[in-house]
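Heads up, the thing below is written out as structure tokens.
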């Protein structure tokens, strides 16, 4: 072929010898016979016997036959399409692949480009049409074999996982495999201390970005570098960028903060994959195999549950313009539009006051605002209100435990009735749609393999339906979890009581206590807009028990009579303030202008006397 890539004649076209070796082929198909070296020698001998020349090897080492994006195979098919190959030889059809649709599609590409195909051990030669009759059956058996192997491997893994043994290749950061028992994890104390530090910082009010900066400044190795340094982990045999040695990130910290294994549990079957698909897909949490208290915990279970609530209810905790994160950051929401409340510092009048306001109002107040009011409220006053409510609830629950549990159950039942009905209707809708998408994806895959639709269209449609599928799966898992939680109202009350016992004697409302007790605070609009002094409601949602409304929390939700009385006091205070201002102003004004006033009065008196004299002189003398 010349430099311009002109068509090659039949005598100088390439004789392609394709070899492939999968992981485990030596054990599965008869030891050495399937090694790359033996395959190459076997194919070269056959080519020489057939007097085929211009030999070129295409080799895929350690590549599964289930997938067709193999490097050497893709290169060979490109050469076929470009007219460079005249003959393709392989040991048998299983070297080609174990997907009968893809193999059949490739055979059609060979036929279209007039390429002779030979599978030696199967007795298939495309120059002899009679030998092609059994090719489809061999391809189907190859795919069945791949499915069977995949099924056997999955069965073995599932049996091991169901017994409570971890099926992960590596122990998570903070643990290591027991040298005497590879199915049991022991604590790696150096890494475990870092895990404990991360949980402490997060519960104490730091966000994940701040924790990442702190760990970097302390020059604490990232999990990848730490495991590599100890000859463990997936990166132990590959080079790493040294610039990332201490470069922690939000994704790594989120993974650590959400690993239930740190409570001492073994969590198996988080992901799954089809035998044709390389990628792992996360499955519903309801399908996980969780075996509790298998190994020694690094994190207390109560602390782990607290972190999950914080991540779920307040995933973003950003510093304000002064670089400060208020303890209520991420917990306060606008009642009207549902947006987060931003907290800033007000230095006016020589003081320091934390003010919360609706983020959506300030985002769109110029035109088309999403919220029609700033919902401004003093965050420090809200902190004091929450502290008072928590103390009242703690005192009552400890002295009247049974009555408090009954109140909590009643309150939860009222909250859950309407919501659970809607969720129960939604579950069958999602299930039906998931079945429909599964059928569509199977049909798309078959159409693509047979060339019925273009590749780009297939990828576009496949991505669209896959995204919808996994979104619905996640929603279904969440609905099932919530319905399960509704059925355990007594359990939630008990957990809340344990929290109260843990912090019964608190004096200061720390970020840790706030994150333990409060899941959400809703801020209502003032009863009088833009007034400096007004009545303003807040709704407090507690962890485990939601919005607990009764005489214990009336401090946060005043009655109508109390609102009227407060309004009267506020109006009277405003009037008195105005009167006092004018009194002080008049007094100061009089003192400052007293001399001027006297001089003015003297001038006026002189003018008056002079006027009288002039009038008297003008009168005629009698």
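The values are calculated or read from the model by the stated rules, or taken from the named source; none is laboratory data. Note that the structure is a prediction, hence the values are computed from the model and not measured. Positions of Cβ are generated from backbone atoms using ideal geometry, with glycine treated the same way; all protein chains shown enter the neighbour counts.
Scanning segment 65-77 for residues that are assigned to a loop (DSSP other than H, G, I, E, B) and either touching a strand residue (DSSP E or B) at 6+ places or on another chain (Cβ under 9 Å) or under 10 Å from residue 18 (Cβ atoms) (or both), we see that the one that is modelled with the highest pLDDT is 70.
Which residue, of 394, 406, is modelled with pLDDT of 75 or more, buried (at least 17 other Cβ atoms within 10 Å of the Cβ), at negative phi and part of a helix (DSSP H, G or I)? Let's see the steps before the verdict.
Working: 406 fails: buried (at least 17 other Cβ atoms within 10 Å of the Cβ).
Going through 394, 406 in turn, just one is modelled with pLDDT of 75 or more, buried (at least 17 other Cβ atoms within 10 Å of the Cβ), at negative phi and part of a helix (DSSP H, G or I): 394.
Filtering 323, 330 for residues that are at pLDDT below 85, surrounded by fewer than 19 Cβ atoms within 10 Å (Cβ to Cβ) and outside the structural domain of residue 183 (by TED's automatic domain parsing) leaves a single hit, 323. Screening the candidates 437, 521, 538, 500 for the property of being modelled with pLDDT of 80 or more, buried (at least 16 other Cβ atoms within 10 Å of the Cβ), more than 26 Å from the chain's Cα centre (by Cα) and outside any loop (DSSP other than H, G, I, E, B) yields one hit, 538. Among the residues that make up segment 464-480, is at least one of them exposed (fewer than 13 other Cβ atoms within 10 Å of the Cβ) and at pLDDT below 75? Within segment 464-480 (the criterion being exposed (fewer than 13 other Cβ atoms within 10 Å of the Cβ) and at pLDDT below 75), the answer is no, since none of the residues qualifies.
When residue 211 is tested against (1) surrounded by 13 or more Cβ atoms within 10 Å (Cβ to Cβ); (2) more than 24 Å from residue 512 (Cα to Cα); (3) modelled with pLDDT of 90 or more, exactly one condition is not met: (2).
Where residues in segment 78-111 are in a loop (DSSP other than H, G, I, E, B) and in contact with a strand residue (DSSP E or B) (Cβ under 7 Å, 6 or more places away or on another chain), which of them is modelled with the lowest pLDDT? Step through it out loud before you land on a result.
Of the residues in segment 78-111, the ones in a loop (DSSP other than H, G, I, E, B) are 82-84, 91-92, 97-99.
This time we only want the ones that are in contact with a strand residue (DSSP E or B) (Cβ under 7 Å, 6 or more places away or on another chain), so: 84, 92.
Numbers: 84: 91, 92: 79.
My answer is 92.
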